[in-house]
Each structure stands twice: as structure tokens, then as C-alpha cells.
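Reading through the C-alpha cells given below for one structure.
The values are calculated or read from the model by the stated rules, or taken from the named source; none is laboratory data. Small disclaimer: the values here were computed from a predicted structure and weren't measured. In this analysis, Cβ positions are derived from the backbone assuming ideal geometry, glycine residues included, and neighbour counts consider all displayed protein chains.
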Amino acid sequence: MLKRSLKASPVGIIKAKQAFARKQWSQEYLAAQVGLSTRNSVWKFFAGRPIERHIFLEICFQLDLDWQEIADLPDENPQPLSQSPSAQESLTSQDWMQQLKGQIQAQCGIVQSFFDVNLPLQLDRVYTDVNVLTSLSNQRWLEVSDLQTSSSVSRRFDLFEPNRTISALDAITSNSRLVILGKPGSGKTTFLQHLALLCIEDKFKADCLPIFISLRIFATQVKETRDFSLANYISRTWGSYGISSEQVETLIRQGKVLILLDGLEEISPEDSEPILAQIQQFAEVYYQNAIAITCRIGIQAYPLRGFTYVELADWNLSQVEAFVQKWFVATNQESETEGLAKASQFLELLKRPENLPILELTVTPILLSLLCSVFQARSSFPAKRSKLYQEALEILLGRWDRSRGIQKEQIYYNLSLPDKIKLLSQIAATTFEQGNYFFEGSDVQHIIADYLLALPQVNTDPEILWSHCEELLHTIEKQHGLLVERAKGIYSFSHLTFQEYLTARKIVASPNSQTLQESLQRLAIHVAEPQWREVIFLTVGMLPSADFLLEQMKVQVDSLLAAEPRLEQFIRSIDEKARSLNVPYQNAAVRAFYFGLLQSRDLNLAASLDVKLASDLAPELALDVALMRAFTLSLTLLDRPELEQILELSFALDLERRFPMDKGLKQALQELKERLPNSAQGLDRLQTWWKTNGQSWCDRFRNLIVEHRHIGQDWHFNLQQQNLLQQYYAANQFLVDCLNSQCQVNSVRRSAILETLLLL
């Protein structure tokens with residue numbers, strides 16, 4: 001007689017999940033295709049639980065599967081455990097482990113890519129070890145000033161700085177009852193799955209049987225019976241694999257169970273009290289068993305006695321590199337060499353200075369996975385970084401949770417995605433404009449209150465409104481991890497990148513053209529301030545027309561030297577030199593070349609303006625480079641006349657054979673070289689000569705360059721003027737970077753700005 005119910009085998013579950021991933025369906029959609037009103041049977045199917053036979057067959061049909069390959073069919077000569085009680089009693093935990101191994105592999109062994117449903121990966125191929133902070137960040141007693149002064153924009157919140165961390169595996173080894181806190185997408189669930197796999201492979205708690213329990217699913221299943229007992233739940237789960245309730249109780253009492261509870265924050269408020277009570281009771285009664293619980297950081301109401309709380313640390317650079325290599329190898333299954341090459345290209349691009357804001361996102365595993373997926377598809381990052389940040393923001397604002405079926409609290413769920421982004425943009429812009437990367441929670445609540453008061457049907461009672469603002473702040477933290485409590489009552493954005501992006505977004509979303517122009521004028525004032533560069537760069541890329549902002553930036557750049565006549569004279573001298581030459585480059589590029597040659601020794605701006613300068617330097621420009629190099633080398637000999645430098649200067653002055661030059665320069669250069677002592681005189685006499693005659697010789701050399709090449713004057717700039725010139729040069733470079741980005745700018749206006757660079 002046929003059995004009325006069927007369940008999937010461990011191998012069948014893996015095949016079914018792979019087929020389900022290829023279909024790109026949700027469980028709700030599959031249930032509808034089968035003709036079911038709920039997805040409960042579909043969930044049981046993928047969990048290896050028995051369901052009615054006709055439903056099992058229909059699910060296999062919809063997934064294009066042979067049901068006989070999926071079903072857990074009995075052997076022709078079955079030897080059920082129940083036939084031999086004595087045999088059951090003689091079974092060890094290792095015997096039961098073999099029975100549960102397939103289920104654990106099916107439940108924990110596959111990672112479904114969030115960004116590509118057709119890309120299921122084996123967890124052990126991509127898993128990267130994680131670390132934990134043993135002291136929770138939000139328990140520190142610090143002031144805003146302590147955090148603000150210890151950090152800077154250039155350091156991006158101490159990116160990849162070593163912290164006091166230990167291995168998460170060491171933490172669970174030394175603490176049998178552990179609560180692991182972490183931001184969304186930080187790897188909490190993956191770590192528990194990894195523990196389960198280690199356990200069945202005898203690499204961790206080898207004498208224990210692991211059980212991985214999603215607390216959200218646990219709460220859903222026990223609601224009808226109101227039986228919240230963990231022991232009973234374990235018994236029901238393992239009963240499907242031939243382990244009796246008596247045997248389960250024996251295992252639990254002997255401390256032979258590794259209990260992995262995932263997603264404490266996903267329990268609904270009405271279920272939290274009985275479930276937490278059961279966890280607490282289980283931990284105290286069956287204290288010999290190891291229990292690890294994950295929960296999002298920011299959850300304040302779930303204290304469990306006797307548990308050690310740790311916090312998942314952001315990934316460091318070595319962890320990022322390890323994951324990237326594993327990910328690209330795992331996703332390039334045909335060739336490990338190609339995968340490693342792709343990983344190397346990814347890391348090289350990621351570490352470029354201009355990609356520092358992108359690099360910052362890699363400390364969060366889910367966002368690093370996003371970057372890997374983007375690079376896999378296009379072998380580069382988007383030219384407009386704002387698109388990448390928008391994608392990352394939407395993942396944290398809901399897509400990540402929706403993909404896992406997690407519901408939100410009503411107070412925040414009523415805000416649409418645009419509303420959430422507007423609120424976060426207001427917080428970001430207000431704090432960033434104040435120069436605050438860390439801020440008091442009460443300051444954020446005032447910003448939230450102002451935003452809510454502009455919405456319809458908001459209770460304006462001060463006490464109620466303030467209570468809602470406080471709750472909303474905590475909800476943003478725990479749901480999305482975009483705001484993080486860095487110390488007691490002190491917050492920041494989880495990544496400075498998000499604060500910058502949201503600030504730019506707030507500017508671009510100005511309600512009308514007049515307000516937008518005023519915002520852009522205020523923004524342009526900050527063009528020479530490094531901490532504002534990313535906000536300006538993002539704003540330029542997000543505007544439907546960046547003409548006005550770029551013109552305002554040019555005005556501000558030109559005004560940097562307005563109060564310094566000596567600096568203005570220097571800029572004019574560079575322009576005169578550039579106009580005196582007949583070279584195949586843009587005039588602005590030639591001006592940038594001589595500015596860099598005479599001040600910063602940086603030719604990046606010139607190359608940005610005309611790529612030919614980087615690959616084919618005209619003889620006249622090459623001669624000036626060689627002369628300035630030789631002159632600089634001679635100045636070093638005034639303080640340190642070593643033989644090696646003296647010989648190097650001799651080679652550097654051998655210019656007549658290498659460059660065409662007029663008769664006057666050639667003769668002057670020859671006379672200058674004849675004044676130098678013969679290098680065969682011995683080091684002592686050479687050093688004496690340089691100490692006695694070196695300054696006058698260098699002065700002659702300078703006069704030669706000024707007279708014949710019209711460069712090299714000693715402008716006697718003080719330190720403040722030198723710093724101002726460097727600021728001016730960097731601002732021009734930044735303006736060119738913005739113009740060369742894929743921004744929307746009129747071609748005529750773009751050319752006009754470029755042609756007048758480094759002109760006053």
C-alpha cells in the first residue's frame with residue numbers, strides 16, 4: 001500500500017533547492033502553482049518534512065524533477081530502528097550524526113547568492129573566518145569629542161585599523177552560552193551554519209549533534225500549539241530521522257547537543273516573552289549543552305542571564321582579500337586560475353585611492369558580495385559611484401530582509417522607501433554640514449521630530465512625538481544598521497560613505513530650482529576642503545545638469561589666490577611660459593605641467609588635461625624637466641655633499657647630447673660645468689669646495705635657468721603661501737576629475753572651464 005505522505009531525502013533537498021533557484025520563484029509563487037493557499041507545505045518540502053503525497057508529486061512536477069530521485073524512499077528490506085530496541089540503545093551520537101548529516105548539509109551547506117539566484121554556492125568554498133569584539137561598542141562611556149578627535153575623514157573611521165578582537169570560533173569554544181550581535185548582513189547566520197558544518201565534520205564539538213534553528217520559523221511553527229519548548233521542538237525535528245523523543249532527551253541531558261539559534265530579533269513582540277523564557281529555562285536546566293544565539297545589534301530588550309555577549313567585528317583587509325579570492329574561484333568553476341586572476345584585478349582596482357569610499361563598504365560581508373557581483377558582471381565598478389551606493393542602500397533598507405521573509409515593526413513600516421531615504425538624507429546632511437561624523441542620539445531625535453512634523457496625521461503631543469522619535473532611531477539601527485551606536489548614546493552612520501551619499505542626495509532632491517541653486521552655491525564653497533570632495537563628486541554625478549555647480553566650483557577655485565598678489569604673479573608667469581612654447585598640447589595642460597614641475601612635482605593634472613603629455617613629452621618640456629632635476633640635485637649637495645650625489649649631478653648635467661638647445665644656453669651651461677671641481681680630487685676636497693662655493697654655484701645655475709628658460713625663480717613663498725598653492729592645485733585637479741566623470745555637462749561649458757584652468 002502506498003504511503004499517504006512523502007518527504008525529500010537530504011540529497012533530494014539539495015537538488016530541489018538548486019532547481020528552485022533556477023526557476024527564480026518565491027515559495028509563495030510555487031505554492032500558487034501547486035494550488036495551495038499557503039506556502040506551509042512548500043516550506044516543509046524543502047525542510048525534508050513529510051507532506052501529502054499528491055502535493056509532493058506536484059511540487060516535483062512544477063520544478064521539472066523526477067519525484068523518485070527527490071523522495072526519501074524506503075529500502076526494499078528496511079531495518080527500522082524500532083524493530084530492535086536493544087540496537088537503538090546501543091547507537092552512539094556518531095551513529096545519529098550519520099542520520100542527521102544529510103539534513104545539516106541541506107540546511108546549512110548551500111549559500112544562495114542574494115544577487116544571483118542562479119548561483120548557489122557551497123558554504124565551505126566561500127566561508128571566511130570572522131572575529132568578534134569582546135567589549136560591545138555601545139557599552140563604552142565616551143563623549144562625541146573622544147570619537148571625533150580620534151578619527152578623521154582621511155582615515156574613514158579607522159578603516160582596517162586593528163581592534164581588540166578574537167576569533168568567533170575561539171569565543172564559542174571558551175563560552176558555552178554565547179549571544180553574537182551584529183549589523184544586518186554582517187555574517188551572523190553564516191557563522192552559525194559554519195559551526196553546524198564543522199560539527200558534523202568532527203572539527204568542532206565532535207561529540208555533539210548540531211541543530212540549526214531559525215527562530216522566526218520556530219515561532220511560526222509553534223504558534224498553533226503554543227508549545228515553545230526547545231526540547232520538544234528538537235524532539236519533533238529529529239523524530240523524522242529515527243531518533244526517538246527518549247533518545248533526544250538523553251542526548252540533551254548528557255550535553256550532547258549544539259544548539260544554534262538564529263535571528264533573535266526576528267521574533268514578533270507577542271512571541272518574544274514565551275520564547276525567551278524557554279531559551280532561558282533550557283539554558284539553565286540543560287546547562288551542559290552549548291548554545292549560540294545571533295541577534296542584530298541595537299536590540300535592547302533581550303537580556304539573557306548567564307550568556308556572554310560579543311559583537312561581530314567589521315572585516316579587516318586580510319579577511320576581505322580571503323573572501324574575494326574564494327568568491328571569484330567559487331563562481332568561476334571552470335577555471336581556478338581565471339577566478340584568482342579576477343580576484344587580483346578586483347583587489348587592485350579596489351585599493352586605488354579614488355576608490356577609498358568603495359573600499360570602506362567591504363567591511364560588511366553583504367556589501368562586499370554586492371561589489372564582487374558587480375565586478376563579475378562588468379570587470380569594473382560603475383563610473384557613477386552613486387549607482388553603487390544606491391544599490392547598497394536599498395539592500396540595507398529592505399531588500400535583504402524581504403528576501404528572508406522578515407517583517408518590520410509598524411511604526412517604521414508605514415514609511416515608504418522614499419520616505420526612509422528622505423529622513424536618512426536629512427540626518428546625514430544636517431550632521432555632515434555641522435562637521436559631525438559622530439553625534440548624540442538626542443540630536444538625531446530632534447532631526448527626526450522635524451521630519452515627522454511635516455508628515456500628515458502625526459501626533460504632535462511633545463511627549464508622544466519624542467517617544468516615537470526615540471523608538472524610530474533604535475528601529476533604524478536594528479533594522480538596517482545604517483546608524484550605529486558607537487558608544488552610549490553616541491551614533492554615527494555605519495559607513496561614512498552612506499553619510500556622504502545621502503548628503504549629496506539631499507542636495508540634488510531640493511524642491512525647486514531656486515533652492516537647488518542656493519544649495520549648489522553653498523556646496524561649491526567647500527571645493528577646496530578634502531572632507532567635502534566625495535559629497536561634491538557624488539552631487540556632480542547625480543545632477544541632471546551639472547553646469548551650474550561646475551561653474552560655481554571654478555569661481556571658488558579661482559578665488560583661492562585672490563588675496564595673494566605674489567601667488568597671482570606666479571600663476572601669470574606660468575601662463576607666459578606656456579604661451580611662449582610651440583608644443584602640441586592644450587594650453588591648460590602646459591600650464592598644469594609647469595605648475596607641477598615648479599611646485600608640487602606632480603604631473604597628474606597635466607596628464608588629466610592632455611593624455612599625450614603622459615606618453616610623449618615634447619623636447620622643450622623634457623629639457624626643462626632635466627634642468628629642474630639637476631638644479632634640485634645641486635641644492636641637496638649644499639647640505640650633504642656625498643660622492644654618490646656629486647657623480648649623479650655630473651651625469652644629470654650632461655644635457656647637450658640629449659636635448660636640442662640654443663647657442664646661448666649651451667654656452668652658459670658649459671661655462672657653469674667648468675666651474676665645478678674635478679671629481680678626481682678626492683672626497684675631502686670636493687666636500688670642502690661645495691661647502692665653500694656651492695651656494696654661489698647654485699645661484700648661477702638658477703640665474704641660467706631663469707634667463708634662458710624663464711622658469712625656476714625663487715619666489716620666497718612662506719609656508720602659508722606654499723600650502724595655499726598646494727590647495728589651489730588640488731582643487732583644480734578635483735575640478736578636472738569631476739569634469740572627466742560621466743556627469744551631465746554642456747560640452748561648450750566644459751571646454752570653457754578646461755581652457756581657463758590655472759588662469760586668473
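Some points to look at:
- Residue within the range 528-535 that is at pLDDT 95 or above and over 19 Å from Gln727 (Cβ atoms) present: no
To keep it simple, each residue is scored yes or no on (1) more than 50 Å from the chain's Cα centre (by Cα); (2) outside the structural domain of Phe651 (by TED's automatic domain parsing); (3) over 25 Å from Gly596 (Cβ atoms).
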site	(1), (2), (3)
Trp689	yes, no, yes
Thr692	yes, no, yes
Trp697	yes, no, yes
Asn703	yes, no, no
Arg709	no, no, no
Gln713	no, no, no
Gln722	no, no, no
Tyr728	no, no, no
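- Candidates Asp616, Asp575, Asp610: the one that is within 19 Å of Leu759 (Cβ to Cβ) and either of a type in the set (Lys, Arg) or under 40 Å from the mean Cα position of the chain (by Cα) (or both) is Asp610.
- Any hit, the range 505-527, residues being of a type in the set (D, E, K, R), crowded, with 22+ Cβ neighbours inside 10 Å and within 31 Å of the chain's Cα centre (by Cα): yes
- Unique residue being among the acidic types (Asp, Glu), under 18 Å from Ala106 (Cα atoms) and either surrounded by fewer than 18 Cβ atoms within 10 Å (Cβ to Cβ) or not assigned by TED's automatic domain parsing to the domain that holds His480 (or both) when the list is Asp227, Asp170, Asp202, Asp207: Asp202
- Scanning the range 225-247 for residues that are under 42 Å from the mean Cα position of the chain (by Cα), farther than 22 Å from Glu270 by Cα and of a type outside the set (Ser, Thr, Tyr) gives Ile234, Arg236, Trp238.
- Single residue of Ala680, Ala668 found to be surrounded by fewer than 15 Cβ atoms within 10 Å (Cβ to Cβ), of a type in the set (A, V, I, L, M, F, W, C) and part of a helix (DSSP H, G or I): Ala680
- When the range 567-614 is filtered for residues that are among the hydrophobic types (A, V, I, L, M, F, W, C), over 23 Å from Ala630 (Cα atoms) and surrounded by fewer than 17 Cβ atoms within 10 Å (Cβ to Cβ), only Val611 remains.
- Selection count, the range 35-57, where residues are closer than 17 Å to Ile70 by Cα and modelled with pLDDT of 80 or more: 16
- Restricting Ala21, Ala31 to those that are among the small types (Gly, Ala, Ser), in a helix (DSSP H, G or I) and closer than 14 Å to Glu58 by Cβ reduces the list to Ala31.
- For the range 596-617, the count of residues that are without any contact (Cβ under 8 Å) to a residue 60 or more places away in the chain, under 26 Å from Asp654 (Cβ atoms), in contact with a Pro (Cβ under 9 Å, 6 or more places away or on another chain) and in the same structural domain as Leu665 (by TED's automatic domain parsing) is at least one.
- Of the numbered criteria (1) touching a residue at least 24 places away in the same chain (Cβ under 8 Å); (2) among the acidic types (Asp, Glu); (3) farther than 27 Å from Ala524 by Cα, the one Asp654 fails is (1).
- The sole residue among Pro50, Pro10 that is within 23 Å of Leu121 (Cα to Cα) and either outside the structural domain of Phe218 (by TED's automatic domain parsing) or surrounded by 19 or more Cβ atoms within 10 Å (Cβ to Cβ) (or both) is Pro10.
- Top-ranked residue in the range 392-403 [being buried (at least 17 other Cβ atoms within 10 Å of the Cβ) and not small (Gly, Ala, Ser); ranked as modelled with the highest pLDDT]: Leu393
- Within the range 453-468, not a single residue is crowded, with 18+ Cβ neighbours inside 10 Å, in contact with a helix residue (DSSP H, G or I) (Cβ under 6 Å, 6 or more places away or on another chain) and either within 28 Å of Ala392 (Cβ to Cβ) or without any contact (Cβ under 8 Å) to a residue 12 or more places away in the chain (or both).
- When the range 358-389 is filtered for residues that are in contact (Cβ under 8 Å) with a residue 40 or more places away in the chain and either in contact with a Leu (Cβ under 6 Å, 6 or more places away or on another chain) or of a type in the set (Ser, Thr, Tyr) (or both), the ones remaining, listed by number, are Leu359, Glu360, Leu361, Thr362, Thr364, Leu367, Ser369, Ser373, Ser386, Tyr389.
- Helices (runs of 4 or more DSSP H) wholly inside the range 299-376 containing at least 2 residues that are surrounded by 17 or more Cβ atoms within 10 Å (Cβ to Cβ), modelled with pLDDT of 90 or more and polar (S, T, N, Q): 317-331
- Of all residues in the range 699-721, exactly one satisfies the criterion of being touching a residue at least 60 places away in the same chain (Cβ under 8 Å), farther than 20 Å from Met661 by Cβ and in a helix (DSSP H, G or I), namely Gln721.
- Listed by position, the helices (runs of 4 or more DSSP H) inside the range 510-583 whose residues that are free of Cβ contacts under 8 Å to residues at least 24 places away in the same chain number at least 1 are 513-524, 547-559, 565-579.
- Among the conditions (1) over 25 Å from Lys101 (Cβ atoms); (2) in contact with a strand residue (DSSP E or B) (Cβ under 8 Å, 6 or more places away or on another chain), the only one that Trp25 does not satisfy is (2).
- A count restricted to the range 111-167 and to residues that are modelled with pLDDT of 80 or more, in contact with a Leu (Cβ under 8 Å, 6 or more places away or on another chain) and among the small types (Gly, Ala, Ser) stands at 0.
- The range 455-491, residues that are in a helix (DSSP H, G or I) and in contact with a Gly (Cβ under 9 Å, 6 or more places away or on another chain): Glu470, Leu473, His474, Thr475, Ile476, Glu477, Lys478, Gln479, His480
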